[in-house]
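Bear in mind that the values in this text are calculations on the coordinates, not laboratory data. Predicted, not measured: the structure shown is a model, and the values here were computed from it. Here Cβ is always computed from backbone atoms with ideal geometry, including for glycine, and neighbour counts include all displayed protein chains.
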Amino acid sequence: MEYIDRKTYFEITEKERPRRLEWFKKARFGMFIHYSLFSQLAMGEWCMSQQNYTVKEYEEFAKSFAPKEGCADEWCRMAKEAGAKYAVLTTRHHEGFSLWNSKVNPYNSYNYCGRDIVKEFTDACRKYGLKIGLYSSLMDWHHPDGWRCAFDQDARRRFTDYIEALNTELLSNYGKIDILWYDMPFPMGSSDAWDSINRNYRLRKLQPDMLINNRSKLQEDFLTPEDSVTPQDGAYWEACMTFNGISWGYLDSKQALPYSYSAQQIIQMINKCSSRGGNLLLNIGPKADGSIPEEAVEPLRTVGRWLSENGDAVYGNKAITGSNYTGCGVNMATAEPDKKTVYIINRIWPSNGVLQLGGYKQEPKKVTVLSTGENVDFKLDGHRLILENLPKEAPDKHAGTTVFKMEFDCEIPYEYISYYPHMNNGQNKSGDLVQN
Ligand code: GLC
């Protein structure tokens with residue numbers, strides 16, 4: 001066994017981090033897949049513990065676990081069609097059931113129904129050109145040491161060895177893996193108790209390019225705000241979102257539908273992530289047989305169609321803009337790293353054929369509708385850039401979310417000087433701005 005001290009581990013991993021993160025920062029959009037025994041219960045992925053099933057009772061669901069042929073292919077095909085660049089599968093959720101042919105955990109899909117879902121998933125990811133993420137829970141409700149590890153040293157050692165053995169299988173037997181997505185470092189409260197430094201050090205040796213998220217009590221490569229697109233400072237981040245705000249695991253589609261996100265809402269999440277320096281990992285919770293929940297299909301297809309025409313405003317290592325270049329809400333912006341190209345993403349189309357953008361001090365050399373390449377008329381009116389003679393209806397027919405591409409000669413000449421002092425960060429205190 002190889003060991004490493006904290007300082008050296010951080011030095012090594014930090015040095016290589018920018019290189020490891022390169023593809024991830026450009027990818028912007030990934031698909032999360034929560035699939036396991038809980039999919040049969042259709043009441044959320046925490047139902048084993050929330051509904052207080054005994055371990056024995058819950059094991060019955062392993063006997064009836066019956067993924068249909070080709071379900072992993074279906075997920076990955078959908079991810080690709082939606083414009084996602086990577087996918088992350090719950091290989092073993094908190095209920096402790098492994099979705100692969102594990103030698104260290106007999107409670108696994110191969111032993112119960114002869115299926116290695118991880119193999120099917122990794123094959124499908126490669127077939128559709130998706131980078132591969134494997135989710136791995138630290139908390140385990142099935143393993144006898146999963147709780148005892150918090151107060152019994154021997155149990156702790158057995159359990160951390162078990163966690164390492166599981167992940168060693170995942171990272172040794174399925175080719176190149178791009179992300180190790182840990183979850184729920186419970187019940188132990190520190191990275192030392194979980195032995196995360198040594199384990200991650202050894203696991204990284206198996207997959208030198210692999211990214212690790214921040215859920216093993218170490219910050220590692222990226223942060224993971226959950227079920228809310230909350231930009232993070234100081235480190236790269238990926239917001240993971242359910243499809244409906246209420247569950248990661250499958251819910252009855254009819255009942256889930258009113259809670260589910262529309263294509264417009266998903267596109268808005270993607271835009272928010274791209275403009276604030278992060279990724280979106282959007283979940284689907286497949287049904288008991290592994291099929292994609294109906295309510296997700298059309299929105300995802302629409303997102304894919306929109307991205308196929310407007311991807312330039314999303315993919316790639318964008319400069320962080322927030323909504324600064326536009327105002328907020330209705331219009332959002334992303335920008336290329338050289339800041340000479342800015343994409344204005346409009347959600348509510350102006351009925352008068354005029355879109356006014358505050359804050360631009362200089363004219364762009366060119367404005368086009370990104371999806372069609374058509375030129376847009378514009379003029380600078382001293383204190384705002386005006387896009388004019390716009391058509392009656394939004395050119396974007398997929399989601400009513402039209403992107404304008406604005407090209408400048410220089411870095412975006414933007415300075416939000418408002419007539420309204422509350423917009424000026426406390427500047428222009430005199431309050432006597434001339435209004436023309
Ligand atoms: C939480 C939940 C879990 C879900 C995960 C996704 O930690 O416990 O059910 O898989 O978030 O981010």
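Odds and ends about this structure:
- With contributions of -39500 (n - 2.57) from each DSSP H run of at least four residues, the per-residue ellipticity at 222 nm computed over the chain stands at -9500 deg cm²/dmol.
- By the compact-protein rule of thumb, 2.2 N^0.38 Å, the alpha-carbon radius of gyration of the chain corresponds to a ratio of 1.09.
- Max mean-square fluctuation residue, GNM over the chain, Cα-Cα springs under 10 Å, options LYS339, LYS405, LYS272: LYS339
- Highest-fluctuation residue, ASN324, ASN389, ASN283 considered, GNM on the chain with Cα pairs under 10 Å: ASN389
- The DSSP beta bridges internal to segment 6-313 are antiparallel in roughly 5% of cases.
- Rounded to 10°, Cα long-axis angle of helix 71-82 versus longest principal axis of the chain: 10
- Segments 3-12, 133-142, 153-162 sorted - mean Cβ within 10 Å per residue, highest first: 133-142, 153-162, 3-12
- Segment 86-129 and segment 18-58 have their alpha-carbon centroids 12 Å apart.
- Highest mean packing first, where packing is the average number of other Cβ atoms within 10 Å per residue, the peptides 212-220, 169-177 line up as 212-220, 169-177.
- Counted by Cβ distance under 15 Å from TYR250, the other residues give a net charge of -4, where Lys and Arg count +1 and Asp and Glu count -1.
- Cut-off 17 Å, label 7 Å out along Cα→Cβ of PHE151, residues of segment 183-197 by amide N: 186-190
- Proximity of backbone amide H atoms, modeled 1.01 Å from N, is registered between TRP248 and GLU45 at under 5 Å, excluding neighbours fewer than 5 places apart on the same chain.
- Counting only residues at least eight positions apart within a chain, or on another chain, the aspartates and glutamates with an alpha carbon under 17 Å from that of LYS365 are GLU336, ASP338, GLU374, ASP377, ASP381, GLU388, GLU407, ASP409, GLU411.
- Highest-MSF residue in the chain out of PRO258, PRO208, PRO187 [GNM, Cα springs under 10 Å]: PRO258
- The Rg/Rh ratio of segment 331-433, with Rg taken over Cα atoms and Rh as the Kirkwood radius over Cα pairs, comes to 1.00.
- Contact order relative to length of segment 48-198, as percent, for alpha carbon pairs under 8 angstrom and 6 or more apart: 23
- Ordered by the number of other Cβ atoms lying within 10 Å of each residue's own Cβ, fewest first, SER49, SER351 fall into the sequence SER351, SER49.
- Counting 0.36 nm for each residue step from LYS254 to GLU22 and taking away their Cα separation leaves a gain of 79.5 nm.
- DSSP finds beta bridges in segment 203-343, and of those with both partners inside it, around 25 percent are antiparallel.
- Counting only lysines at least 8 places from LYS63 when in the same chain, those with an alpha carbon closer than 24 Å to its own are LYS103, LYS119, LYS287.
- The Cα atoms of segment 176-262 cover 46, 28, 27 Å along the three principal axes, with the biggest extent listed first.
- Rounded to the nearest whole Hz, the Karplus-based 3J(HN,Hα) values (6.51 cos²θ - 1.76 cosθ + 1.60, θ = phi - 60°) of segment 92-100 follow the sequence 7, 8, 4, 5, x, 8, 8, 8, 9, with x at glycine and proline.
- One decimal place: the segment ASN111-GLU415 gains 103.2 nm when fully extended, by the rule 0.36 nm per residue minus the C-alpha distance.
- Here r is the Cβ-Cβ distance between LYS15 and LYS397 and R0 is 41 Å; the resulting FRET efficiency, rounded to 0.05, is 0.30.
- Residue-span extension gain [ASN173 to ASP381] - 0.36 nm each, minus C-alpha spacing: 68.7 nm
- With θ taken as phi - 60° and the Karplus curve 6.51 cos²θ - 1.76 cosθ + 1.60 applied, the whole-hertz 3J(HN,Hα) list for segment 159-171 is 6, 5, 4, 4, 4, 5, 5, 4, 6, 5, 4, 4, 8 Hz, x standing for glycine and proline.
- Local charge for GLY175 was computed over the other residues whose Cβ lies under 15 Å away, with Lys and Arg +1 and Asp and Glu -1, and equals -1.
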